[in-house]
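Every number in this text was worked out from the coordinates using simple rules, so none of it is lab data. Here the structure is a predicted model, which is why all the values come from computation and not from measurement. As a convention, Cβ positions derive from the backbone with ideal geometry for all residues, glycine included, and neighbour counts pool all protein chains shown.
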């Protein structure tokens with residue numbers, strides 16, 4: 001297949017990827033290649049019923065807007081002996097790659113996720129994969145006679161220097177999850193203070209989860225009409241199991257503890273009243289618990305726009 005101009009400019013990098021894949025994938029294996037090196041790929045394109053021996057996903061982590069969902073789609077295309085090879089760029093290279101774009105040395109990209117290995121491992125685990133092998137490649141992704149060979153074949157394998165490599169990879173396989181538990185009920189606790197404008201949206205957007213969904217609002221210290229708005233919404237959406245309580249103490253922790261003490265559900269969830277975490281995401285946490293992936297599931301916002309200089313390179317390094 002003919003490479004485009006960016007492929008030609010970075011021929012050494014692409015040749016290294018091909019060399020790695022040739023070594024890792026048997027010749028007679030059935031293979032699906034998901035190559036996102038040219039930009040974002042929609043998750044819906046991965047809805048394929050066929051099962052593959054090897055699935056190669058090149059750089060897709062950087063372009064997926066829902067990484068866990070993409071992993072779950074890939075899982076559907078695997079059998080018990082499948083292997084998935086994932087490559088992605090180290091977040092330490094973000095400033096260098098941006099400079100390379102400005103100098104027209106690499107393909108310009110408007111959107112890129114930068115995740116650390118531990119985040120990716122957690123998402124793989126939640127999607128049903130276990131890691132067989134992980135590693136790093138390429139300290140110098142451009143060809144410089146003698147120097148590239150010295151650094152990439154020898155220095156890149158040293159304990160300290162290998163963490164500075166551009167390319168990181170995982171080789172993973174599907175594992176058999178524990179049988180799903182019977183559908184437990186859920187209590188969602190929302191501590192609300194000065195959140196009048198978000199109350200109705202929260203109730204509208206919280207999906208039905210498990211055998212029964214209980215929504216518990218705990219209001220305290222508001223200077224607007226948050227409590228009155230919660231009572232109004234409780235009456236308006238009477239078909240939903242909404243409970244309202246006034247906080248007696250102070251602070252969010254106190255409000256959450258009160259909500260938990262009033263909850264009747266088998267699983268307890270906390271939803272921030274400002275809805276910075278989408279209510280539509282709650283089923284992901286439910287599935288993680290009922291599948292036995294963990295007893296306590298804590299979510300974080302991995303993909304969201306940052307203000308300029310809000311996470312500068314030196315801050316990332318600590």
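Over the residues of the chain, the helix contribution to mean residue ellipticity at 222 nm works out to -8500 deg cm²/dmol, using -39500 (n - 2.57) for each DSSP H run of at least 4.
When 269, 77 are ordered from fewest to most other Cβ atoms inside 10 Å of their Cβ, what list results?
Values: 269 23, 77 19.
By the 10 Å Cβ count, ascending: 77, 269.
What the pair-distance distribution of region 186-290 shows, using all Cα-Cα distances binned every 5 Å from zero, is 2, 13, 26, 26, 21, 8, 2, 0 percent.
The residue 24 and residue 281 beta-carbon pair, evaluated with R₀ = 35 Å, returns a calculated FRET efficiency of approximately 0.55.
Could you tell me how many cubic angstrom of Cα convex hull volume region 126-190 has per residue? Show your work: numbers first, answer last.
On the way: hull volume 10.2 nm³, N = 65.
Taking only Cα atoms, region 126-190 has a hull volume of 157 Å³ per residue.
To the nearest ten degrees, helix 117-127 and the longest principal axis of the Cα atoms of the chain are 60 degrees apart.
What ranking of 203, 218 emerges when the number of other C-beta atoms within 10 Å of each C-beta is taken as an exposure proxy, fewest first? Numbers along the way, then the final one.
Values: 203 19, 218 27.
Going from least to most buried by this count: 203, 218.
Taking 49, 90, 148 as the candidate residues, the one with maximal mean-square fluctuation in a Gaussian network model of the chain, Cα springs under 10 Å, is 49. Hydrodynamic radius of region 77-152 by the Kirkwood approach over all distinct alpha-carbon pairs: 15.3 Å. Size estimate for the chain follows the Kirkwood approach: the inverse of mean 1/r over distinct Cα pairs works out to 22.6 Å.
Listing 103, 158, 92 from the residue with the fewest other Cβ atoms within 10 Å to the one with the most, what is the order? Don't jump to the answer; show the numbers that get you there.
Values: 103 8, 158 11, 92 17.
Final ranking by Cβ density, sparse to dense: 103, 158, 92.
Please report the base-10 log of the normalised intensity I(q)/I(0) for region 5-174, using a Debye sum with one equal scatterer per alpha carbon and no solvent, at each q in 0.11 (1/Å). The Debye formula, applied to the Cα set alone, gives -0.46.
Helix 11-24 axis versus longest C-alpha principal axis of the chain: approximately 80°, rounded to the nearest ten. Expressed per residue, the C-alpha convex hull volume of region 216-263 stands at 61 Å³.
Annotation: for a label point projected 7 angstrom from Cα along Cα→Cβ of residue 185, residues of region 234-276 with backbone N closer than 12 Å are 241-242, 263-267.
For residue 65 and residue 155, FRET efficiency with R0 = 25 Å and r from the beta-carbon atoms, rounded to 0.05? Could the numbers behind the result be given before it?
Values: r = 36 Å, r/R0 = 1.42.
Efficiency, rounded to the nearest 0.05: 0.10.
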